[in-house]
1. So, by mean Cβ neighbours within 10 angstrom, what's the order for 170-181, 202-213, 275-286, 13-24 with the highest one leading?
2. In debye to the nearest 20, how big a dipole does segment 124-277 give about its Cα centre with +1 on each Lys and Arg Cβ and -1 on each Asp and Glu Cβ?
3. Using the crude model of +1 on Lys and Arg Cβ and -1 on Asp and Glu Cβ, and no other charge, please compute the dipole size for the chain relative to its Cα centre, in debye to 20.
4. For the ranges 236-249, 36-49, what's the packing order if you count other beta-carbon atoms within 10 Å of each residue, average per peptide, and put the highest first?
5. Rounded, prolate or oblate: pick one for segment 138-292, where a ≥ b ≥ c are the square roots of the eigenvalues of its C-alpha gyration tensor, a/c under 1.5 means rounded, and failing that, prolate if a/b is larger than b/c, else oblate.
6. Among (1) 17.8, 53; (2) 18.5, 63; (3) 19.6, 73, which one is Rg and Dmax of the Cα atoms in Å computed from these coordinates?
7. Test of the criteria: in segment 93-132, which GluC sites (Glu not before Pro) are in a DSSP loop and have at most 15 other Cβ atoms within 10 angstrom of their Cβ?
8. What is the local net charge at Trp286, summed over the other residues whose Cβ is closer than 14 Å to its Cβ (Lys, Arg +1; Asp, Glu -1)?
Amino acid sequence: MEIKNIGLVLEGGGMRGAYTSGVLAALMDNNIKFPYIIGVSAGANNGANYVAEQRDRNKKVFVDYVSHKDYSGLKHLIKGKSYFNMDFLFHTLPNKLVPFDYETFFNSETIFKICVTDCSTGEATYLEKSYAKGKGKEFINKIFRASSSLPILSPPVEIEGRLYYDGGISDSIPLKKSMEDGNRYNVLILTRDKDYRKKEQVLGPYSKRQLKKYPQILEAIKSRHIRYNAILETIERLEKEGQVYVFRPIEPIRISRLERDKVKLEKLYQQGYRETMDQMDKFLDWISKHDI
């Protein structure tokens, strides 16, 4: 099913992205394709495989390889200054172990945007895949890496002279950007249950020292919960008005963004797949009424 006028918005959430992987697998099994996709952090990485039409790659990256010694851990934070081994995730996996289909991705007609946070402003920047086309594999992987680089747990990523951090700092659920780009109706895949609300993040002395050189990032982190909860209120209103369809965990997720338990992540992936398939008829009915 080629959807013509509806955007797809993908939240991040670290390893909670295994839920998104399951949802996207269900959508692919029903041959559902979107003309516009925007993602943040793990959502952007999930979305890239969706655009590349690699159904099983998300599960391999978010579930099957999580127990690999080079995937993540404190030793990588000490040695490479990043809890997640970024070289493994954004070079070894896509280029060697679980090859990413760059050709299908870049040749897709789907508009695909990746949200990152500019270190100098603390504001969101949205990089479209066409921006990276022709600049090589490492360039697009650098963008994915930037969108997934959490302060303290990872260093910022330099892209053409500017430093970027995880897009979730500035715009965790980029629905408004999708609407600004002309998508009146949107499908959202969230990684928290409906009752979740974000609490203020309190940074300790060590974190403040680490981010002292990026004062705008510090300010963005301090106010992130306000922006996050505000967009949730907007989503709730638009959902009632029928302007958005939301896939979110019906069963609350009990794992953290740093989860390494393969059994738990497999369960979460299956939860996303099952919950999506269970509401597929309802979803297709919504699509038929709004994709006009």
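Please treat every number below as a calculation from the coordinates, not as lab data. Quick caveat, the model's predicted, so the values are computed rather than measured. Don't worry about glycine lacking a Cβ; one is built from the backbone with ideal geometry, like all the others, and counts go over all protein chains shown.
1. Result, highest mean first: 13-24, 170-181, 275-286, 202-213.
2. Charge dipole, segment 124-277, about its Cα centre: 480 debye, nearest 20.
3. My answer is approximately 1160 debye.
4. The packing order, highest mean first, is 36-49, 236-249.
5. Verdict is prolate for segment 138-292.
6. Working out Rg and Dmax of the Cα atoms in Å from the coordinates points to (1).
7. Answer in residue order: Glu109, Glu123.
8. Computed value for this residue: -1.
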